[in-house]
Amino acid sequence: LGVASSLGAYPIAIALDVQHLLAERTRRDARHDVTAASARPDPKRTAILVVDDSLTNRTLERNMLASLGYAVDVAVDGREAWAKLQQTPYDLLVTDVQMPEMDGLELTRRVRADPQLRQLPVILVTSRGRQSDVELGAAAGADEYLVKGQFDQDKLLQAVERHLFGRPAAARPGGTRA
């Protein structure tokens, strides 16, 4: 290293205790890893069921969550989702409201009525954004209500983290705690 000024160039020597710096970094990283591991479940062991009759929405949500390491399963409607919920344990349910066969509100009501599933967090993602729709979602037992028209991936990811990792939900534009 060197320093130049109007008076000339002067060499500078920096003495670093590399072993000490590496050891300190390793200790700090280990503390961070333990804290992070205790605060967040391993995404690879976190199963999410995404339910939407729209192939585009279903694929978008699945790919977004899978890219973060979550194990993501999909269903095309509430009836298929209900069958999967009876067979496979999931940590979170993300569902559309308007679907054929069984809509997301009925699916949510069934989840809440089932003693083995009632604690499953449910996030409704729908195009229905009126206050009365949000109230229907809350009455069905949804934990969160996101409106597709105001939807962006960060809102879904924040909702997923709140419900998987125990962070308190906060009302956000386009994302309403039901």
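Ignoring ligands and nucleic acids, what accessible area does E80 show with a 1.4 Å probe (Å², nearest 10)?
Near enough 70 Å² of accessible area.
To the nearest 0.05, how large is the calculated FRET efficiency for A139 and L68 if R₀ is 22 Å and r is the Cβ-Cβ distance? Please report the intermediate quantities before stating the final value.
Values: r = 31 Å, r/R0 = 1.40.
Once rounded, the FRET efficiency stands at 0.10.
Dividing the Cα convex hull volume of region 89-141 by residue count, how many Å³ per residue is that?
73 Å³
Quick one: what does P(r) look like for region 67-160 with 5 Å bins over all Cα pairs, in whole %?
3, 14, 26, 27, 20, 10, 2, 0
Provide the net charge surrounding E61, with neighbours chosen by a C-beta distance below 10 Å and charges set as Lys +1, Arg +1, Asp -1, Glu -1.
0
Check each of the trypsin sites (Lys or Arg not before Pro) in region 36-125 and keep only those in coil by DSSP with at most 15 other C-beta atoms within 10 angstrom; list them in order.
Those that pass, being in a loop and sparsely packed, are R118.
The values are calculated or read from the model by the stated rules, or taken from the named source; none is laboratory data. Bear in mind that the values here come from a model prediction, so they are computed numbers and not experimental data. Note that each Cβ is placed from the backbone with ideal geometry, even for glycine, and that neighbours are counted across all protein chains shown. For accessibility, only protein heavy atoms count, side chains too; no ligands or nucleic acids. Shrake-Rupley method; radii C 1.70, N 1.55, O 1.52, S 1.80 Å.
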